[in-house]
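Please treat every number below as a calculation from the coordinates, not as lab data. The model shown is predicted, which means the values in this text are computed figures rather than measured ones.
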Amino acid sequence: MGIFGNFLKKFLKSLFKKKGEIKLGLYGPPNGGKTTLANKISMDWLGEEVGIVSGIAHETREIQIKEQITIKSKGKELTFNLVDTPGIATKIDYEDFLKAGIKEKEAKTRAKEATKGVIDAIKWLDDMDAVVIVLDGTKDPYSQVNITIIGNLEARKIPVLIVANKIDLKKADIKKVQAAFPQYDVIGISAKYGKNIEDFYEALFKITNQ
């Protein structure tokens, strides 16, 4: 299609974008809390959950979408389709599932599904209007996976908000996440308990230019 063709496609896409056609993606490594946050958003505004939350990595292995979520903050409204993606990983080994107590046949199936999920998540980046990167605030943000995700987003010039999740835990260090990615806004939340969730909602208006 070429550079001009891609530009034209994006221009027409933005020109004809109707209210509610904003695609907001939740991205990040496994077990950062993406689905917990997706469920929190969906429960707050639709009264229903998006997906299953588990302590086992790669519980979410397929793209999950919740359409037409309208959030309200300070007299403003924002309608979007929420896209919860599988955790991004540079390596997925079925043996990791075995360690979690899953039998070999299912472990191999899960590993295959999780690998496909990562590929699909990267492909879906091209359709995103804005992305929330959900990181576990207790873990080192300078990981290869996080740097890879950020690099993909910067290459596509997609607006980004970084969430340092799990601030209810003592090990959480928001300042470390902010230092790792100073070019982006970082908000510390607890998706599980809803801490600072109003600040998060307000930040969504900023990254979607609403």
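Okay, here's what the table says:
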| quantity | calculated |
| --- | --- |
| Most mobile of A111, A100, A38 in a GNM of the chain (Cα contacts under 10 Å) | A100 |
| Gaussian network model of the chain, Cα within-10 Å springs - most flexible of K74, K112, K123 | K74 |
| For the range 62-175: rounded, prolate or oblate by the Cα gyration tensor [a/c cutoff 1.5] | prolate |
| Shape category assigned to the range 158-210 from the gyration tensor of Cα positions, a/c cut at 1.5 | oblate |
| Most fluctuating residue given options G87, G101, G28, as computed from a GNM of the chain linking Cα atoms under 10 Å | G101 |
| Antiparallel DSSP beta bridges within the chain, as percent of all bridges there, nearest 5 | 30 percent |
| Tensor-based shape of the range 106-157 (alpha-carbon gyration tensor, a/c under 1.5 rounded, otherwise prolate or oblate) | oblate |
| Proximal aspartates and glutamates to K176, defined as alpha-carbon separation beneath 18 angstrom and excluding residues fewer than eight positions away on the same chain | D136, D140, D168, D185 |
| Over the chain, relative contact order from alpha-carbon pairs under 8 Å, at least 6 apart, % | 21 percent |
